[in-house]
Amino acid sequence: MRILVTGGSGYIGSHTVLALLEAGHDVVVLDNLANSSKESLKRVGELAGRPAEFLAVDLLDEAALDNAFSTNEVDAVIHFAGLKAVGESVEKPLYYYHNNVGGTLNLLRCMERHNVRTLVFSSSATVYGASEEVPLVEKLPLDAVNPYGRTKEQIEDILSDIGAADSRWNIALLRYFNPVGAHESGRIGEDPTGVPNNLLPFVAQVAVGRRDKVMVFGNDYPTPDGTGIRDYIHVLDLAAGHLAALDYVYSNKGVHRWNLGTGKGSSVLEVLAAFSKAAGHEVPYEFAPRRPGDAAISYADPSAALADLGWSAHKTLQQMCDDHWRWQKENPQGYSA
Ligand code: UD1
């Protein structure tokens, strides 16, 4: 198949583009490079032995987007492009709604015009909000608690309405838990701009000496060691989940929702221990107050993805940390080095 991938030069996008190329698909990447670099795709091409086509297109530019569909006949779309910093979304909600929801509306209108109705959408476990009910199952009501999360929830609603109104659409809504790790070559990985918001990239930058210490947000949660528990999933397992979902929706109409997680939670201290082992030295940390809006425990019930797609995550927390560390160590300044 020929797949159009929005946001394909970003962290999860680049790993998924590589998996698509390795599976024999042709790929056209659309990205505005707002939070990524073309270097990732250059390296993906080297790893795959053939390139993905790249078009510098912003989803808010509907004319350029339409032109991309006119000049490329595609069978399906995987839609990653979007802004994703929770704190920034609270400060600039309009920017987030315009970009994420507005950009997706443009994409859907172009898809309709060009008769492409197979879509895999990059959603997030953030749509479950502060639900204390674990494991999180797909049928739980959605209740995102910040503007970023609400853009994901609103896009899920829009896609559900479109799928209900027109049976020609095949849509997968993939709710990611906490993607971490990197390709085992150490050539591609996560390269956040500015101060990382998420745990693993922050830990990795401390381990490589770019930052002093990790602040552990809260050690008084009702968990065995008092620190927050999350469902970390290796980005290669996540990429494989996209291929499985794509195969499924290509031959099954309707709107489908799947959690992509391991089903197993790890605490912040467990992550620090595994990362220290990977790096071969202790990663320094200090306890700090809880971060507002954080849940104590979040992990997936991934059984629907296993039942429907035959997909499950295989890589361990240690493999995630080993691979994340290899990428960070060999690219201390990310792609800009
Ligand atoms: C965060 C976002 C979520 C988003 C997800 C993936 C918030 C409130 N939630 O989820 O919307 O979908 O990232 O991008 O921002 N931690 C520390 N020190 C740090 C960073 C994190 O102790 O410097 C802790 C957190 O308190 C949490 C765990 O590490 O217990 C994981 O944090 P993070 O990587 O930010 O992911 P989430 O909070 O699950």
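The values are calculated or read from the model by the stated rules, or taken from the named source; none is laboratory data. Quantities reported herein were computed from a predicted structural model and do not represent experimental measurements. Neighbour counts are summed over all protein chains in view; Cβ atoms, including those assigned to glycine, are modelled from backbone coordinates with ideal geometry. These area figures cover heavy atoms from the full protein model, side chains too; ligands, DNA and RNA do not enter into them. Shrake-Rupley method; radii C 1.70, N 1.55, O 1.52, S 1.80 Å.
Using Cα centres only, tell me the gap between region 74-106 and region 303-325 in whole Å. One Cα centre to the other: 26 Å. Put simply, when 293-299, 233-239 are sorted by average Cβ atoms within 10 angstrom per residue, most first, you get 233-239, 293-299. Think of it as helices only: each DSSP H run of n ≥ 4 in the chain is worth -39500 (n - 2.57), and spread over all residues that comes to -11500 deg cm²/dmol at 222 nm. Residue-wise HN-Hα couplings along region 291-302, as the Karplus relation 6.51 cos²θ - 1.76 cosθ + 1.60 with θ = phi - 60° gives them from phi, are 8, x, x, 7, 7, 5, 9, 9, 8, 8, 9, x Hz; Gly and Pro carry x. At a 1.4 Å probe radius, carbon and sulfur cover how many percent of the accessible area of region 233-337? Result for region 233-337: 52 percent of the exposed heavy-atom area is carbon or sulfur.
Using alpha carbons only, how many angstrom separate the centre of region 1-33 from the centre of region 139-177? Answer, in whole Å: 22. Taking the 1.4 Å solvent-accessible surface of region 2-87 as the whole, the part contributed by carbon and sulfur is 49%. With 23 Å as the limit on Cα-Cα distance, the pairs of 42/329; 92/152; 42/92; 38/84; 139/264; 84/277 that go past it are 42/92; 84/277.
The share of accessible area on region 106-226 that comes from carbon and sulfur is 47 percent, using a 1.4 angstrom probe.
Per residue, region 142-262 exposes 37 Å² of accessible surface when a 1.4 Å probe is rolled over the protein heavy atoms with every protein chain present. Using the Cβ of residue 74 as centre and a radius below 14 Å, the other residues enclosed give a net charge of -3, where K and R count +1 and D and E count -1.
Of the DSSP H helices in the chain, those that are both long (alpha-carbon extent of 15 Å or more along the helix axis) and hydrophobic (Kyte-Doolittle mean at least -0.5) are 11-22, 103-113, 235-251, 268-279.
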